[in-house]
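The values are calculated or read from the model by the stated rules, or taken from the named source; none is laboratory data. None of these values were measured; they are calculated from a predicted model. For neighbour counting, all protein chains shown are included, and Cβ atoms are generated from backbone atoms with ideal geometry for every residue, glycine included. For the accessible areas, the whole protein counts, side chains as well, though only heavy atoms, and no ligand, DNA or RNA atoms are used. Shrake-Rupley method; radii C 1.70, N 1.55, O 1.52, S 1.80 Å.
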Amino acid sequence: MKKPWDGRFTENTEKTVEAFTSSVSFDRRLWKYDIQGSAAHVRMLKKQKIIPARDAELILRGLGEIAREIGEGKFKFREDLEDVHMNIEYALINRIGPAGGKLHTARSRNDQVALDIRLFLREEISGMIKLTRDLQRVFLALADRYKGVVMPGYTHLQRAQPVMLSHHLLAYFEMLERDRGRFGDCAARVNVLPLGSCALAGTSLPIDRKYVARLLGFAAVSENSIDAVSDRDFIIEFLSAASVLMLHLSRLSEELVLWSTEEFGFISLPDAYSTGSSIMPQKKNPDVPELVRGKAGRVCGNLMAMLVVLKGLPLAYNRDLQEDKEPLFDTVDTVKDSLSVLTKMMPKIKFNKTVMLKAAEGGFSTATDLAEYLAKKGLPFREAHNVTGRIVKYCIHKKKLLEDLTMDELKKYSGIFEKDVFDHLSITASVNRKTSLGGTAGKRVLQRIKDIKSTI
Ligand code: ARG
């Protein structure tokens, strides 16, 4: 098969080399952006009188027809034509004749592919920002629904201090807020036009890059042609923002898996989102959160793959860069699927208020309140901590809860204790006293819910 670039070649490409170097099996996904970019390019060539207007019209019409064909699934992509760019260009020349050969004036696949990925990513990032928002709304609604429910807060996975379930749920809202921010920051750097950098040096033809940028809605034009065709930082940034998001979803998933165990019993997952075992009839497994947790590894792996591809690459374009697409596409699909499934599943989870409250009552989770009580009465906190620690040791020994202690027992540890200490030992009082900014007190959490509602 004749190649568009075979002028200087005396041998046909080896079949295995054709298969090895071809990217069309995956980069065909960029077809819409490739055509969009070509159309803008050709309008610029026409405006600048680099090609005759009637050739430009022919090209535009041809590209439109090809787009329709691909959209309808009637287009045949050929592996021997290497990639999506050459497949479309070849089809164009076949369709409209030699005028089609003018499309590639003042352009190289190096700036073309950089453009396609940027157009693709710009659209995908805005979709992901929306999907992230949807999941945030779910957390907000759950926080609203479970107002006033108390659960144990953990450190080291040991019961630490009681917190509001809504506060715990809104922690995920805040993580996702930063994730949206990271996607937004990345989108600003994606939104720069590389086209017109050509192979690496720019061109001697009188192109108008700013015009192309306007047509395609780019906020800026790249300043250095060598950089523009070499740069894949924007992909790394996206993959790292996606990895952080997936880490958040993975931590959430881990909690869902743990909380849905018989041992915890904090939640029950909807049947429709769980699976059974082929041998153990009693099983109901949390496969959805487990898979989200597993897929986080895959996305982090994709980030690692890109970092290593880029490391050590000399400027400017190298074919190694073709390896950017599969990790990128895989990440986009994985993140979208994970966000969507969690957004659908989360509202259907049942939170078991009684179990959570009971768990919060154990584990001496108001010990810090007791220490703070003493501190408020003037005892240096370090001493208050020690006194309370000894009281806890006594309780463990006597198999008692803090709230079961009598005044006489307390007085043995410190003369400071007065009757009001008993208001400090109940779980609800403990939670509601955490009124510091960002704390878990009911009224703080309600205020945060209100504030969020007024902004989204
Ligand atoms: N398929 C290539 C890629 O994805 C397109 C650019 C090829 N450029 C080249 N000079 N071989 O990177």
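Compared with the alpha-carbon gap, the fully stretched path from ARG54 to ASP287 is longer by 78.0 nm at 0.36 nm per residue. Between helix 233-259 and the chain there is an angle of about 30 degrees, using the helix long axis and the longest principal axis of the Cα atoms.
Can you give me the angle between helix 367-376 and the longest principal axis of the chain, using Cα atoms only, in degrees from 0 to 90, rounded to the nearest 10? Roughly 70 degrees between the two axes. Mean residue ellipticity at 222 nm, helices only, the chain: -19500 deg cm²/dmol; runs of at least 4 DSSP H residues each add -39,500 (n - 2.57), and the sum is divided by the number of residues.
Less than 5 angstrom separates the built amide H of VAL150 from those of LEU165, all sequence-distant by 5 or more or on a different chain. Summary value for the chain: 15 percent relative contact order, contacts being C-alpha pairs under 8 angstrom separated by 6+ residues. On a per residue basis, the range 298-354 carries 48 Å² of accessible surface, using protein heavy atoms and a 1.4 Å probe. Per-residue Karplus couplings for the range 216-229, computed as 6.51 cos²θ - 1.76 cosθ + 1.60 with θ equal to phi - 60°, are listed in order as 9, x, 7, 7, 8, 10, 4, 8, 9, 5, 5, 4, 4, 8 Hz, Gly and Pro entered as x.
Between the Cα long axis of helix 165-190 and the first principal axis of the chain there is an angle of about 20°, rounded to the nearest 10. Charge tally around GLU123: other residues with Cβ under 13 Å, Lys/Arg +1 each, Asp/Glu -1 each, net +4. The Stokes-Einstein estimate for the range 15-135, based on a Kirkwood radius over Cα pairs and taken at 25 °C with 0.890 mPa s viscosity, is a diffusion coefficient of 160 µm²/s. Compared with the direct C-alpha span, the chain from LEU307 to ASP208 gains 32.3 nm at full extension, assuming 0.36 nm per residue. Taking 14 Å as the cut-off, no amide N atom of the range 282-321 comes nearer than this to a point 7 Å along the Cα-to-beta-carbon line of LEU157. Which of the trypsin sites (Lys or Arg not before Pro) found in the range 90-194 are loop residues per DSSP with 16 or fewer other Cβ atoms within 10 Å of their Cβ? Answer by residue number: LYS147.
Approximating the spin labels as points 7 Å out from Cα along Cα→Cβ, the ASP134-to-LYS350 distance works out to 2.6 nm.
FRET efficiency for the GLU69 to GLU123 pair, using the beta carbon distance and R₀ = 25 Å, is estimated at 0.70. For the range 139-188, the relative contact order is 35 percent, taking Cα pairs closer than 8 Å that sit 6 or more residues apart in sequence and dividing their mean separation by the residue count. Here the average projected area of the convex hull drawn through the C-alpha atoms of the chain stands at 30.3 nm². Counting protein heavy atoms only, the range 83-172 has 52 percent of its accessible area on carbon and sulfur, 1.4 angstrom probe.
Looking only at the range 1-24, which residues have a backbone nitrogen under 12 Å from a spot 7 Å from the Cα of GLU79 in the C-beta direction? What the label zone holds, given the 12 Å backbone N cut-off, is 15-24. Between the range 358-407 and the range 136-214, what is the separation of their alpha carbon centroids in Å? Result: 41 Å between the Cα centres.
For the range 228-279, the solvent-accessible area works out to 40 Å² per residue, with a probe of 1.4 Å and every protein chain left in place. DSSP assigns beta bridges within the range 99-231; of those with both partners inside it, close to 75 percent run antiparallel. Taking 17 Å as the cut-off, the amide N atoms of the range 408-423 that come nearer than this to a point 7 Å along the Cα-to-beta-carbon line of HIS397 belong to 408-414. Each peptide in 315-323, 436-444, 11-19, 229-237 gets a packing score, the mean of other Cβ atoms within 10 Å over its residues, and the list from highest to lowest is 229-237, 315-323, 436-444, 11-19. When both bridge partners sit in the chain, DSSP labels roughly 80% of those beta bridges antiparallel.
Each label was represented as a point 7 Å from its Cα along the Cα-to-Cβ direction; for LYS377 and ARG319 these points are 8.0 nm apart.
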